[in-house]
Amino acid sequence: MIEAVLGVHATDFKNDEARSGPPVCVDDTGGVALGRLLAIATLTPAQAALLVTDVVDQLELAHGRGRPPIRFRDGDVMVSDTGQLTIRSTGDAGSWDEARDVAARLLHRIVTNCRSETLADRVEVAIAESSDLVGLARRVRYAAATEFDDAEIGRKRSQLAALVTAVKGRARTEDAAAEPTDVPIPATGRNRRRPSVGKVWHRKRRRPSKRRGIFALLAVLILVGMVWAAPTAWSELNRSWRTLLDPVESSMDDRISPVSPPAEPETGPGPVDTALPGAAGPITQVAATFANGPCEAGQSCTVRVDVGVDPAANVGAVTWNPTVYDRCTGATLPGAEVTIPVPPGAREAYGIGSVDLPPGSALAVAAVTTVPAATASEPMYVPSENATCSPGSPRDGG
C-alpha cells in the first residue's frame, strides 16, 4: 500500500502544464486528511508516535528505491480507515533536502498536537540534529519508539481507525446539513432527527482556567469574612440606632456617686545625720557592722565596732555606745555604753554591744564614741533597702 501511494510502481506523474486543473488527492483506500483529524482530535503520545513513524517510513522507502524527490501538500497526507498514515505524491521536488524540510514541518505538526510535551521535545531535537533525510528518519524513529511497544501497535491502530471513522461521520453530517431539501420531515418523535453527539475522543481536554480558580477562592474568602464579621457589625449598628433614637435612656441614674480622695502615696525616709565626725583627736576612724547578720525592727541587735587610734596617744580605753535613729520621726535612742581597753602602742581596738530596736519602718544604727573623743560611724539601715514612711511623718522625704 505504501509503494502504491508513493507512486513507486504504477503511479505516473504528468507535467503541471498538461493538467486541466490543480492536482487532486484521490484516496482509494478511504480515510480523512491528516489536517482535519488533527483539527478535531488530540492524539495520545502512542498514536502520535505511530503517525510519525509512518511518515519517516514512507519517505525512507521512496528515497531508498531511487525515486526522484517527491512533492506533497497538506491535502496529500491522509490517515486511512486502518489507522495508517499515507502520503500521495503530486510530483517531483527540487531536491530531497526540500522534501526533508516539508517532512520536518509535517512531523512538527503531528507532535505539537500530542498530549505529551516530552515526545514533542524529543522529535524536535531529532529534527534539529539531522542534516539529511536518512538521518532524519533514523533519529525520529528512535525518538518515537519509546512511546509504544510492538504488542500495542494493533490496539493503537484500531484507536486511530476509530478516530478516522468518527471524523468521517462528522463530515458526512455537516455535508448533509449543508444540502437544501424540499422534502418535509414529519415532526413526530419517532422520525425526528437527533443531533449527532461527538465521541469522547473528539473533545479536546481543556485545563481548568487559573483565573476562575482565583475568583472562586476570593469569593469563598469574602463569604467567610462576611459571616465572621456579621454579628459584630449588627451589634454596632443596633447600638448606634438606639443612641440616635434615645440619646439619654430613662433607666440611667443621673446621680453622681461620691468619689473618695486618692490615698497619699508612701514616700522614702530622709537621710540620717549623726552630727559627729568620723575621726577626731586620737581616734582615726570608727566602723560599725552587724555582728550576727542583718537586724530587724522590734528585736535586739548586736553591733561590732572597730576603732582606729593613734598609737602615740596611749588612750588606754575607748568608750562607745550603739545609737538607734528613727528615720521617719527623727527620734534618737542611745544604747548602753561599752568600754574597750586599748593596749599601749595599739593602732586599733574593737568591741561588741547590743541595743533593742524599737518598732519602725525605717531605722538606722550607728556606733558613737564618747571617750577619748566624740565621733560616729556611718549609719547602718534597718531594713537595708525599700524603707518607707507613712504619710505625714515629720521627716517624710528627708
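Does L133 satisfy the criteria of being within 18 Å of L34 (Cβ to Cβ) and in the same structural domain as L50 (by TED's automatic domain parsing)?
Numbers: within 18 Å of L34 (Cβ to Cβ): no; in the same structural domain as L50 (by TED's automatic domain parsing): yes.
Considered against the rule, which asks whether it is within 18 Å of L34 (Cβ to Cβ) and in the same structural domain as L50 (by TED's automatic domain parsing), L133 comes out as no.
Being modelled with pLDDT of 85 or more and over 19 Å from L61 (Cα atoms) is the filter here, so list the residues in the range 127-139 that pass it. Matches in the range 127-139: A128 only. Please state which of the following conditions R88 fails to meet, knowing it meets all the rest: (1) touching an Asp or Glu at 6+ places or on another chain (Cβ under 7 Å); (2) surrounded by fewer than 20 Cβ atoms within 10 Å (Cβ to Cβ); (3) charged (D, E, K, R). With respect to (1) touching an Asp or Glu at 6+ places or on another chain (Cβ under 7 Å); (2) surrounded by fewer than 20 Cβ atoms within 10 Å (Cβ to Cβ); (3) charged (D, E, K, R), R88 is out only on (2). Take the residues in the range 352-368 that are assigned to a strand (DSSP E or B) and touching a Phe, Trp or Tyr at 6+ places or on another chain (Cβ under 9 Å); name whichever of them is farthest from G308 (Cα to Cα). Checked the range 352-368; the qualifying residue farthest from G308 (Cα to Cα) is L363.
Of the strands (runs of 3 or more DSSP E) lying entirely inside the range 265-351, those carrying at least 2 residues that are touching a residue at least 12 places away in the same chain (Cβ under 8 Å) and touching a Leu at 6+ places or on another chain (Cβ under 9 Å) are 300-309, 317-326. A single entry from G298, G351 fulfils the requirement of being surrounded by 17 or more Cβ atoms within 10 Å (Cβ to Cβ) and at pLDDT below 95: G351. Checking R67 against (1) at pLDDT below 85; (2) closer than 18 Å to R105 by Cβ; (3) not in a helix (DSSP H, G or I), which single condition isn't satisfied? All conditions pass for R67, except number (2).
Do the conditions hold for A280, that is, is it more than 26 Å from D356 (Cβ to Cβ) and touching a Gly at 6+ places or on another chain (Cβ under 9 Å)? So that I can check it myself, show each step before the final result.
Numbers: more than 26 Å from D356 (Cβ to Cβ): yes; touching a Gly at 6+ places or on another chain (Cβ under 9 Å): no.
Spelling it out, it is not the case that A280 is more than 26 Å from D356 (Cβ to Cβ) and touching a Gly at 6+ places or on another chain (Cβ under 9 Å).
The values are calculated or read from the model by the stated rules, or taken from the named source; none is laboratory data. Just so we're clear, the structure is a prediction, and the values are computed from it rather than from any experiment. Note that each Cβ is placed from the backbone with ideal geometry, even for glycine, and that neighbours are counted across all protein chains shown.
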